[in-house]
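The values are calculated or read from the model by the stated rules, or taken from the named source; none is laboratory data. Please read these numbers as outputs of a predicted model, since none were measured by experiment. Please note: Cβ atoms are built from the backbone with ideal geometry, for glycine as well, and neighbour counts cover all protein chains shown.
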Amino acid sequence: MAEKVMVKGNEAMAEAAVRAGCRIYFGYPITPQSEFIEYMARRMPQIEGVFLQSESEVAAVNMVYGAACTGNRVMTSTSSPGFSLMQEGVSYIAGAMLPAVFVNVVRGGPGLGDIQPAQSDYFQATKGGAHGDYHLIVLAPGSIQESVDLMEDAFRMADEYRMPVLILADGMLGQMMEPVEFPEFVKLEGINDHSAWALRGATGREANKVTSFDIDPVNLEKMNIFIQEIYKRIKAKEVRYETIGLEDAEYMLVGYGTMGRILGSVVKLARSKGIKVGLFRPITLWPFPYAELKKAAEGVKTILTVEMSMGQMVEDVRLAVEGSVPVQFYGRTGGMVPTPDEVLAELLKHV
Amino acid sequence: MKEHLLVAAGFGGQGVMLLGQVIATAGMFDGKYTTWLPSYGPEMRGGTANCTVVINDEPIGSPITESPNELIVMNIPSLTKFEKQIQPGGVMVINTSVVDRESTRKDIEIFKIDAGAVAERLGNMKVANMVILGAYIAKTGAVTLEGVRKAFEKKLTGEKADLIDLNIQAVKAGMEAVGQ
C-alpha cells in the first residue's frame, strides 16, 4: 500500500494529473484554485513536461485546444469566472472531438462573485456552457482521495471517447487537506495512440485534419449524430454514484461533491435520532444516474436534494424520479456552505 | 471514539493554521481519518484566521461544523465569535497571553494557558501555538505525542529539522501546563 500523505485538494489533483500521464498544462491563476497552477509550475519542469501560464483563460483554453490536436494528455484548471471565459474553446474542443481534461474549482457567482465554495456552475457543466449539441463528461469527487482516483479515469475517458472531461470540484475540496494515497505513474507508452487523427507531422502520409467546422449541413449533422452515438456508449458504461444507508431508508438525501459528503454526516445524525435516512451521491453528473436514482428512490417517502446553489441538480433529480416521489430542495449559495445541523433541521420539516 | 470536531482560531500570524495542520497530520499518523479545512479569503487580514480539524476512526462526512466540540482560542475576536458555537460539555483551550477576558460559557471545560510566557521560557515566542497544541492534546486525547512528532518530522525538513526538538519541548510544556 502506498504511503499516505497529508495534502491540499488542489495540489492532490495536480499530482494525480501528473501521475495520470499529463505532461502539458496551461492555466491562469484564480482563487480558490491557484495552488493547482502553482503546483504545476513547480512539478512540470521536474518531469520534463510543459507548464505555461497564459495571459488569460481564453488563451489557456486555446493552448489546450492546440496541444489536444496532437493527442497528448493536456489539461487546464480554473475557477468559475475563468471557466466561463473558456467556454468558446470548450465548445470547439468538443466539436473537434479532442481529448482534454478541465478542472473547475467552483466559487460563488454569478459574475465575479466571491472566492468561497459553491456548486452554482452545475448547469454550465452539465447542460452545455457554450454553443452546440455537446456534452462534457462531468465527474464530481466528494473527497480529495476520490478526486485523485477520478483523475486517471478523466484522462482515460478523454482519450477513449475523444472528448473533453470536466472535474467539477469546489473551493472547499480545493482548499482542504486530507490524507491521500497516490496511484502509481501511468505508463505513457501506448496509452494514447491517436495516430489515426492526431497532428504530429504528416511527412510520408496523408495530412490529418482536425476541425470543428463543416460548411455542409448534411455532413455537420452526420458528425453530430456520430458524437451522439459516442454519448450513448458513455451513458451505458460510465455512470457512477455512491449510496449510503438506502436499504431501509424512508427518506433520501441527494447531493454531489463535498455537499454529498456533508450529507453523509446528516445521515448519521438523523439515524442517531431514529430517522431512517439514506444518501444518493451522483459521482458522474453527466451522464447523470437517472435510472439508478429512480430505482434507489423506490419506497422512500420524500427526497431532499441539497446543493450549494439555489437549485440546479434538483432538476435532474426530478427528471429521474418522474414524479414518483416528492422532491424537496434545500440550498445555500454565494459561498455559504450548509452544515449538517442546518440540513438536519431542514430534513425534520419533511419528516 | 467520539468524533473530534475542533475549531482553532486566532489572528493571522499566530500559527493557528499550522497548529491545525499538525494536529490533522498527527491524526493521520495515528491511523485515524482526518480533515483540515482553512478559512480563506479577505477576512484573514487583521481579522480572525481559523481552521476546522475533524478526527475520527470512521470515514469523515462533513469537514465543516457550526457546533464544534473542541475549541482553541488564540485571540479575543475568536473567543467572541466561536464560544457561542461550542457544544455543551466541550473543551476550550484559551491562550491567556492574548485573551484577557473570561468566557461566558459555564457548561464547558475551559483550560487557560499563558502560552506566550511558556514559549518565552523555551526561548522562542514562535512556538506559543505548539504550547497550546500540547494543552489541547493532553485534555482531549485527539492525537498522540508520537503522532505529533511524526507530523513535525514530515513538516520540518532540511535546515528546519533543527526545530523539531524545540517544537516537541513546546508541546510537552503545554501538556505539563494543564497538569499532564
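Answer yes or no: is there a residue in the stretch A:322-332 that is away from every other protein chain (no Cβ under 14 Å), over 28 Å from B:THR65 (Cα atoms), part of a helix (DSSP H, G or I) and not basic (Lys, Arg).
Within the stretch A:322-332, not a single residue is away from every other protein chain (no Cβ under 14 Å), over 28 Å from B:THR65 (Cα atoms), part of a helix (DSSP H, G or I) and not basic (Lys, Arg).
When the test is whether a residue is in contact with a helix residue (DSSP H, G or I) (Cβ under 9 Å, 6 or more places away or on another chain), within 11 Å of another protein chain (Cβ to nearest Cβ), under 21 Å from B:ILE137 (Cβ atoms) and not in a strand (DSSP E or B), B:PRO59 does not pass it. Of the strands (runs of 3 or more DSSP E) that lie entirely inside the stretch A:119-215, not one contains 1 or more residues that are of a type in the set (Lys, Arg).
The requirement of being charged (D, E, K, R) and part of a loop (DSSP other than H, G, I, E, B) is fulfilled nowhere in the stretch A:34-45; no residue meets it. Scanning the stretch A:171-202 for residues that are exposed (fewer than 13 other Cβ atoms within 10 Å of the Cβ) and under 30 Å from A:GLN119 (Cβ atoms) yields one hit, A:GLU181.
Return a yes/no flag: does the stretch A:257-278 have any residue that is within 24 Å of the chain's Cα centre (by Cα) and away from every other protein chain (no Cβ under 14 Å). No, there is no match, as no residue in the stretch A:257-278 is within 24 Å of the chain's Cα centre (by Cα) and away from every other protein chain (no Cβ under 14 Å).
Exactly one residue out of B:ILE23, B:ILE86, B:ILE64 is crowded, with 19+ Cβ neighbours inside 10 Å and part of a helix (DSSP H, G or I): that is B:ILE23.
Within the stretch A:265-287, the set of residues being surrounded by 22 or more Cβ atoms within 10 Å (Cβ to Cβ), touching a residue at least 60 places away in the same chain (Cβ under 8 Å) and outside any strand (DSSP E or B) comprises A:SER265, A:VAL266, A:ALA270. Restricting B:LEU18, B:LEU5 to residues that are surrounded by fewer than 20 Cβ atoms within 10 Å (Cβ to Cβ), within 14 Å of another protein chain (Cβ to nearest Cβ) and among the aliphatic types (A, V, I, L, M) narrows the list to B:LEU18.
Farther than 27 Å from B:LYS155 by Cα, part of a helix (DSSP H, G or I), modelled with pLDDT under 95 and among the charged types (D, E, K, R): which single residue out of B:LYS81, B:LYS2 fits that description? Spell out how you get there, then give the answer.
Details: B:LYS2 fails: part of a helix (DSSP H, G or I).
After applying the criteria, what remains is B:LYS81.
Condition check for B:PRO77 on (1) touching a residue at least 24 places away in the same chain (Cβ under 8 Å); (2) surrounded by 19 or more Cβ atoms within 10 Å (Cβ to Cβ); (3) not aliphatic (A, V, I, L, M): one failure, at (2). Assigned to a helix (DSSP H, G or I) and buried (at least 19 other Cβ atoms within 10 Å of the Cβ): does that describe A:VAL317? In short, yes.
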